[in-house]
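Have a look at the structure below before the remarks.
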Amino acid sequence: MTSTDFAAAAAPAPPAARAIRTFHPRRGRMSSRQTEALDRLWPVHGLRVPDEPGTPVDLVGLFGRRAPVVVEIGSGMGDTTAAMAAADPDRDYLAVEVHTPGIANLLDLVDRRGLRNVRVAEGDALDLVPGLPEASLDAVHVFFPDPWPKSRHHKRRIIQPAHVALLRSRLARGGTLHCATDWAEYAEAMRQTLDADPGLVNAHDGFAPRPPHRPVTKFERRALTAGRPIFDLIYRRS
Ligand SMILES: C[S@@+](CC[C@H](N)C(=O)[O-])C[C@H]1O[C@@H](n2cnc3c(N)ncnc32)[C@H](O)[C@@H]1O
């Protein structure tokens, strides 16, 4: 598949598209480097989220080995995924993103760093995750999800009870759900939602101290410059 095919295939919403999406529809220009990376590396590291939500995903086949798997939802430009995967070669990282330039950028980072433990899925994570085996994941990362600050948009937030129950069901016992946000009101809503989930236990007392293994991204730096504190939440499946 080339970048042109990729855009054409990604454009139309499938007929059974979910009504409420957690992401902003957006187009983005790709640099020539990203276009080249997409064309060359998508066939090696890419996975299209199947049109039929819940289609089974074979994780061992995808990574070519049996290792603990981390799913990152909304990997953006992929800097965090690439840095964490590079520092953690014994686990496999499956990044899920809808934004094509971000996917292309991550593919480029994976190639430049020679990473063998990263795969990049294009599409809605909420359609992909139901296809993962239950209790199959070591961790789920949701870093700086779209905050959807207006009350009427809260239904679009990725961290809400039904989505959390789905993510938790795919975590192995003791596996972690790690969220981070710079949006204080969303952080508090996340905490209440995660506390209320019957199968999750907070690994800390309230918000987690900033874990050194989560790299500081451009996104986070911008928030800090604007004076917004960062909130980490780390919960374990009981
Ligand atoms: C605010 S950005 C943060 C990106 C990145 N995690 C970071 O820290 O820089 C949120 C990202 O989540 C993606 N996203 C939101 N909902 C998603 C979903 N259901 N499936 C896949 N990606 C999603 C958006 O496309 C966007 O790139």
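The values are calculated or read from the model by the stated rules, or taken from the named source; none is laboratory data. Keep in mind it's a predicted model, so treat the numbers as computed, not measured. Counting neighbours? That spans all protein chains shown, and the Cβs are built from the backbone with ideal geometry, glycine included.
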Name the pairs: first residue in region 203-217 and touching a residue at least 12 places away in the same chain (Cβ under 8 Å), second residue of a type in the set (S, T, N, Q), Cβ to Cβ under 8 Å, at least 6 apart or on different chains? Ala203/Thr176; Arg214/Thr80; Pro215/Thr80; Thr217/Thr80
Within the set of pairs 6 or more residues apart or between chains, which connect a residue that is over 18 Å from Asp232 (Cα atoms) inside region 163-185 to a residue that is assigned to a helix (DSSP H, G or I) and modelled with pLDDT of 95 or more with Cβ atoms less than 6 Å apart? Leu166/Val129; Arg170/Val129
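Can you tell me which of Gly78, Gly61 is more than 16 Å from the ligand (Cβ to nearest atom), of a type in the set (Gly, Ala, Ser) and modelled with pLDDT of 95 or more?
Values: Gly78 fails: more than 16 Å from the ligand (Cβ to nearest atom).
Result of the check over Gly78, Gly61: Gly61.
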Counted residues in region 88-101 being under 15 Å from Val142 (Cβ atoms) and not β-branched (Val, Ile, Thr) come to 4
All strands (runs of 3 or more DSSP E) inside region 119-238 with 1 or more residues being among the acidic types (Asp, Glu): 137-143, 231-237
